[in-house]
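> Mind having a look at this structure? Questions to follow.
The values are calculated or read from the model by the stated rules, or taken from the named source; none is laboratory data. All figures in this text were calculated on a predicted structure; none of them were measured in a lab. Heads up, the Cβs are rebuilt from the backbone with ideal geometry, glycines too, and the neighbour counts pull from every protein chain shown. What goes into the accessible areas is simple: the full protein's heavy atoms, side chains included, and nothing from ligands, DNA or RNA. Shrake-Rupley method; radii C 1.70, N 1.55, O 1.52, S 1.80 Å.
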Amino acid sequence: MSKSPFQKVGQTNIIPISLKLLVIFVSLLLLSNFATNFVNSFLSRAQIIKLNNSIMVSQLKDIYTASGNQFQILTFTGNRDDSIKALSATAKRGFELPNSLAAAFDRQGKILFCASAAPLPENMPEKKEGDIPSLNELSTEFSDSEALSIMNQNFDKGITDSSILFVSDSGQYYGVYKYQEDWKCFFLRAELLSDTMKSNNILFGIISIVIVCIVGGFLLAGIFMYKRILQNVHKITNDLYEMQANQRLSIIDLSDSPNDDVTYLAASFNSLSSTINNLLGIFQKFASKDVVAKAYNEHQIRLEGSQRNLVMLFSDIKSFTYRTETLGNDIIDLLNVHYDKVIKKVHDNSGVIGSIIGDAILAIYGTGNTENKSLDALECAWQITRVTAELRTRMMERRAEIEKERALTESEERIFKAVLIDIGVGIDGGNVFYGNIGSDEHMTNTVIGDNVNSASRLEGLTRIYHLPVIVSGYIKDEIEQAGVTKYKFFEIDTVQVKGKTEGKKIYFPMDTERQSGEEKFEIYEKALQAYYSGDWDRARSEFKKCDIEASQVFLERIGNDKAPKNWSGIWTMQTK
């Protein structure tokens, strides 16, 4: 397939404006020169004919004078043939063109003599009705009856000399004639029109070739000048083509551009581009990445949504009320420091921000192309847990530096405790509604479903079981089915949340590459199985061995009691 020499936008070839201007310029230049040459040639033709008429009049005078002399000689000698030959010889001396003609014929058309630079036929072919007679058709008659009739009409009016057009086999002739009274004949001197125009046509051709050569030179100079003058246009269009290909607005470099109207247009485009980029940047900060990408590609946002299988991560700051009371308006600065790191980790792991509600953040996974949305969410959970722990570590290091010089005041102690942010993360997944809701005046992108609420409930359980991350069986199954061995899932409890009639198993996802203590959790799971089965005595013994904070929850829950009758092993949450 042949490649187009022009750049394209979609399937449309983009023709450079410099090429259009050059084509128009060359076309108008050629048209102007050829038109001028044609008009000049046309005017020259009239002048040439007029000049030739003057020459032929002069030559006709010579022939006319010679005819008078020869008539006197004829009267003296009586030798007609010699006189006619002498007249013919005199007439030929003025011939310069290949088909020059001189002749004498009476009013009936009978030729006295005919001298021509081209040979004349001796016999005339048979004429058909309507044919135009020709001088060359017969050596004894001037047979262009129409021309002869005009000459006779002029003679009857007293006009004995004039110009005349007539036809021969060679073409159309133009000439001058004069009636000679002694010989009783019209003496004619004529030239073939095509012979006269031939030199003019040759001159027209030569001038046309010169015009083409000159225009070619101007064309090369024009291309050079156009490139220099329009190089800024070329640079600007290349930048625009690149923006079109990348589907992204950028700023055109105008550092070396001249101060012309094209540069002004480019500067106006840069201003518009900056405005749009600013608006797009603002839009991106208030909407999730997939919504921004779809709006950019489709150039609109619709109220629409669908059931999708997604994973929801819910993260919340613990003891937020205390921190707000202590820090006041400064809590905003603390939240911004925290969210700056958290949101970056969400995006780094292919997630989008569903919503930010005060100290809580909802992240959604699976809206784009991803191999394992549950794994992405779990990776993010541990990363935001670690960056939060790093922030606490830096604050404690700062406290240590201050305490080397002095002890903290009571208010400083409260502030220090307030800035030691700790979070809990709950993750669940399943079928939810994901899309835009609201009205044409205001809409929001959201996710709705039981699994969204479940992620929030799981985050709340992190405070009860003193674990940083808790996930559902959905997350556990999807990661294990993918063959990921980095994480090991330990069952924590079976919980029936408020408003539900069935219990749900919850899990702690241990990062085996960064964490230790698997033995403790294995003991914990044995204690949990005894708890489920109703053997609370053995459960108490095992929970005491595992040395995990979550075990204290069960020790307090069962106390020294026995399992109740009809024990299902499911703990019912009394709060949301």
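> Find the residue count for the range 480-521, including only residues that are β-branched (Val, Ile, Thr), under 54 Å from the mean Cα position of the chain (by Cα) and farther than 14 Å from Pro468 by Cα.
Let us first name the residues in the range 480-521 that are β-branched (Val, Ile, Thr), namely 484-485, 492, 494-495, 497, 501, 506, 512.
Okay, now just the ones that are also under 54 Å from the mean Cα position of the chain (by Cα), so 484-485, 506, 512.
With farther than 14 Å from Pro468 by Cα added as a condition, the list becomes 484-485, 512.
Going through the range 480-521 one residue at a time, the tally reaches 3.
> Just to be sure I understand the filter: pairs with C-beta atoms under 6 Å, separated by 6 or more residues or on different chains, first member in the range 425-445 and closer than 16 Å to Arg308 by Cβ, second member in a strand (DSSP E or B) and charged (D, E, K, R). Which pairs pass?
Listed by first residue and then by second, the contacts come to Tyr434/Arg308.
> Go through (1) surrounded by 14 or more Cβ atoms within 10 Å (Cβ to Cβ); (2) at pLDDT 65 or above; (3) in contact with a helix residue (DSSP H, G or I) (Cβ under 8 Å, 6 or more places away or on another chain) for Ala295 and report which single condition fails.
(2)
> Which residue pairs have Cβ atoms under 9 Å apart, sit 6 or more places apart or on different chains, and have a first residue in the range 462-480 that is closer than 14 Å to Lys505 by Cα and in contact (Cβ under 8 Å) with a residue 24 or more places away in the chain and a second that is open to solvent by 60 Å² or more (accessible area, probe 1.4 Å) and outside any helix (DSSP H, G or I)?
Matching pairs, first to second residue: Ser472/Lys504; Ser472/Lys505; Gly473/Lys504; Gly473/Lys505; Lys476/Lys505.
> Which condition number does Ala407 fail, the rest of (1) surrounded by fewer than 18 Cβ atoms within 10 Å (Cβ to Cβ); (2) touching a residue at least 40 places away in the same chain (Cβ under 8 Å); (3) hydrophobic (A, V, I, L, M, F, W, C) being met?
(2)
> If I go through the range 420-450 residue by residue, how many of them are within 30 Å of Lys476 (Cβ to Cβ), open to solvent by less than 80 Å² (accessible area, probe 1.4 Å) and either in contact with a His (Cβ under 8 Å, 6 or more places away or on another chain) or in a strand (DSSP E or B) (or both)?
The qualifying residues number 16.
> Here's something else I'd like to know. Can you confirm whether the range 374-396 contains a residue that is over 30 Å from Glu325 (Cβ atoms), assigned to a strand (DSSP E or B) and hydroxyl-bearing (Ser, Thr, Tyr)?
Within the range 374-396, not a single residue is over 30 Å from Glu325 (Cβ atoms), assigned to a strand (DSSP E or B) and hydroxyl-bearing (Ser, Thr, Tyr).
> Continuing with the same structure: Would it be correct to say that Arg398 is over 24 Å from Gln481 (Cβ atoms), loosely packed, with under 13 Cβ neighbours inside 10 Å and among the basic types (Lys, Arg)?
On the way: over 24 Å from Gln481 (Cβ atoms): yes; loosely packed, with under 13 Cβ neighbours inside 10 Å: yes; among the basic types (Lys, Arg): yes.
Spelling it out, Arg398 is indeed over 24 Å from Gln481 (Cβ atoms), loosely packed, with under 13 Cβ neighbours inside 10 Å and among the basic types (Lys, Arg).
> Determine, yes or no, whether Val342 is in a helix (DSSP H, G or I), modelled with pLDDT of 80 or more and buried (at least 16 other Cβ atoms within 10 Å of the Cβ).
Details: in a helix (DSSP H, G or I): yes; modelled with pLDDT of 80 or more: yes; buried (at least 16 other Cβ atoms within 10 Å of the Cβ): yes.
Taking the combined requirement at face value, the residue satisfies it.
> Step by step: first the residues of the range 125-153, then only those that are of a type in the set (S, T, N, Q) and crowded, with 17+ Cβ neighbours inside 10 Å, then the one that is modelled with the highest pLDDT. Which residue is that?
At the first step, the residues of the range 125-153 found to be of a type in the set (S, T, N, Q) are 134, 136, 139-140, 143, 145, 149, 152-153.
Now narrow it down to the ones that are crowded, with 17+ Cβ neighbours inside 10 Å: 134, 136, 143.
Values: Ser134: 38, Asn136: 40, Ser143: 71.
Looking at the filtered set, the residue picked out is Ser143.
> Looking at Lys562 and the list (1) open to solvent by 80 Å² or more (accessible area, probe 1.4 Å); (2) touching a Phe, Trp or Tyr at 6+ places or on another chain (Cβ under 8 Å); (3) closer than 23 Å to Ile423 by Cα, which single condition is not satisfied?
Condition not satisfied by Lys562: (3).
> What is the number of the single condition among (1) open to solvent by 30 Å² or more (accessible area, probe 1.4 Å); (2) not in a helix (DSSP H, G or I); (3) not small (Gly, Ala, Ser) that Lys417 does not meet?
Lys417 satisfies every listed condition except (2).
> Can I ask one more? Would you confirm whether or not the range 106-119 contains a residue that is hydroxyl-bearing (Ser, Thr, Tyr), exposed (fewer than 13 other Cβ atoms within 10 Å of the Cβ) and within 27 Å of Gln153 (Cβ to Cβ)? Give the steps one after another, and end with the answer.
Step one: list which residues in the range 106-119 are hydroxyl-bearing (Ser, Thr, Tyr), which gives 116.
So of that shortlist, the ones also exposed (fewer than 13 other Cβ atoms within 10 Å of the Cβ) come out as none.
Looking through the range 106-119, none of the residues is hydroxyl-bearing (Ser, Thr, Tyr), exposed (fewer than 13 other Cβ atoms within 10 Å of the Cβ) and within 27 Å of Gln153 (Cβ to Cβ).
> Here's something else I'd like to know. I need the helices (runs of 4 or more DSSP H) fully contained in the range 459-576, keeping only those with at least 2 residues that are touching a strand residue (DSSP E or B) at 6+ places or on another chain (Cβ under 8 Å).
Values: elements: 473-481, 518-533, 536-546, 549-558.
Answer list for the range 459-576: 473-481, 518-533, 549-558.
> Which residue out of Ser274, Ser194, Ser268, Ser199 is open to solvent by 30 Å² or more (accessible area, probe 1.4 Å), under 30 Å from Gly171 (Cα atoms) and at pLDDT 75 or above?
Details: Ser274 fails: under 30 Å from Gly171 (Cα atoms); Ser268 fails: under 30 Å from Gly171 (Cα atoms); Ser199 fails: at pLDDT 75 or above.
So the residue among Ser274, Ser194, Ser268, Ser199 that is open to solvent by 30 Å² or more (accessible area, probe 1.4 Å), under 30 Å from Gly171 (Cα atoms) and at pLDDT 75 or above is Ser194.
> While we're on this one: Out of all the residues in the range 78-91, is one or more over 23 Å from Ser145 (Cβ atoms), open to solvent by 40 Å² or more (accessible area, probe 1.4 Å), free of Cβ contacts under 8 Å to residues at least 40 places away in the same chain and in a loop (DSSP other than H, G, I, E, B)? I'd like the intermediate steps shown before the answer.
First pass over the range 78-91, keeping only residues over 23 Å from Ser145 (Cβ atoms): 78-91.
Of the ones still in play, those that are also open to solvent by 40 Å² or more (accessible area, probe 1.4 Å) are 78-82, 85, 89.
Add one more test, that the residue is free of Cβ contacts under 8 Å to residues at least 40 places away in the same chain, and what stays is 78-82, 85, 89.
Filter again for in a loop (DSSP other than H, G, I, E, B), leaving 78-79.
So far as the range 78-91 goes, yes, one or more of its residues are over 23 Å from Ser145 (Cβ atoms), open to solvent by 40 Å² or more (accessible area, probe 1.4 Å), free of Cβ contacts under 8 Å to residues at least 40 places away in the same chain and in a loop (DSSP other than H, G, I, E, B).
> Further question on the same structure: Select from the range 523-537 the residues that are among the aromatic types (Phe, Trp, Tyr) and either surrounded by 18 or more Cβ atoms within 10 Å (Cβ to Cβ) or on the phi > 0 side of the Ramachandran plot (or both) and list them in ascending order. Let's see the steps before the verdict.
Narrowing the range 523-537 to residues among the aromatic types (Phe, Trp, Tyr): 524, 531-532, 536.
Result: Tyr524, Tyr531, Trp536.
> For Ile356, state whether it is closer than 22 Å to Arg323 by Cα, among the β-branched types (Val, Ile, Thr) and either in contact (Cβ under 8 Å) with a residue 60 or more places away in the chain or not in a loop (DSSP other than H, G, I, E, B) (or both).
Working: closer than 22 Å to Arg323 by Cα: yes; among the β-branched types (Val, Ile, Thr): yes; either in contact (Cβ under 8 Å) with a residue 60 or more places away in the chain or not in a loop (DSSP other than H, G, I, E, B) (or both): yes.
For Ile356, the condition - closer than 22 Å to Arg323 by Cα, among the β-branched types (Val, Ile, Thr) and either in contact (Cβ under 8 Å) with a residue 60 or more places away in the chain or not in a loop (DSSP other than H, G, I, E, B) (or both) - is met.
> Is it true that some residue in the range 60-75 is modelled with pLDDT under 85 and either among the aliphatic types (A, V, I, L, M) or more than 25 Å from Ser149 (Cα to Cα) (or both)?
Here is the first cut: in the range 60-75, the residues modelled with pLDDT under 85 are none.
No - not one qualifying residue is present in the range 60-75.
> Same structure again: Criterion first (touching a helix residue (DSSP H, G or I) at 6+ places or on another chain (Cβ under 9 Å), more than 14 Å from Ile55 (Cβ to Cβ) and assigned to a helix (DSSP H, G or I)) does Ile202 satisfy it? Please lay out each step first, then the result.
Numbers: touching a helix residue (DSSP H, G or I) at 6+ places or on another chain (Cβ under 9 Å): no; more than 14 Å from Ile55 (Cβ to Cβ): yes; assigned to a helix (DSSP H, G or I): yes.
So Ile202 fails the test.
> Right, next: Taking the residues in the range 359-372 that are open to solvent by less than 40 Å² (accessible area, probe 1.4 Å) and in a loop (DSSP other than H, G, I, E, B) as candidates, determine which candidate is farthest from Leu334 (Cα to Cα).
If we take residues in the range 359-372 being open to solvent by less than 40 Å² (accessible area, probe 1.4 Å) and in a loop (DSSP other than H, G, I, E, B), then Asn372 is farthest from Leu334 (Cα to Cα).
> Restricting the search to the range 317-353, which residues are free of Cβ contacts under 8 Å to residues at least 24 places away in the same chain and among the basic types (Lys, Arg)?
Listed by number, the list holds a single entry, Lys344.
> Looking only at the range 54-77, which residues are of a type in the set (Phe, Trp, Tyr) and either outside any helix (DSSP H, G or I) or under 20 Å from Val176 (Cα atoms) (or both)? I'd like the intermediate steps shown before the answer.
Step one: list which residues in the range 54-77 are of a type in the set (Phe, Trp, Tyr), which gives 64, 71, 76.
Tyr64, the sole residue that qualifies.
> Quick one: is Arg386 charged (D, E, K, R), out of contact with any strand residue (DSSP E or B) (no Cβ under 9 Å at 6 or more places or on another chain) and open to solvent by less than 60 Å² (accessible area, probe 1.4 Å)?
Working: charged (D, E, K, R): yes; out of contact with any strand residue (DSSP E or B) (no Cβ under 9 Å at 6 or more places or on another chain): yes; open to solvent by less than 60 Å² (accessible area, probe 1.4 Å): no.
So Arg386 fails the test.
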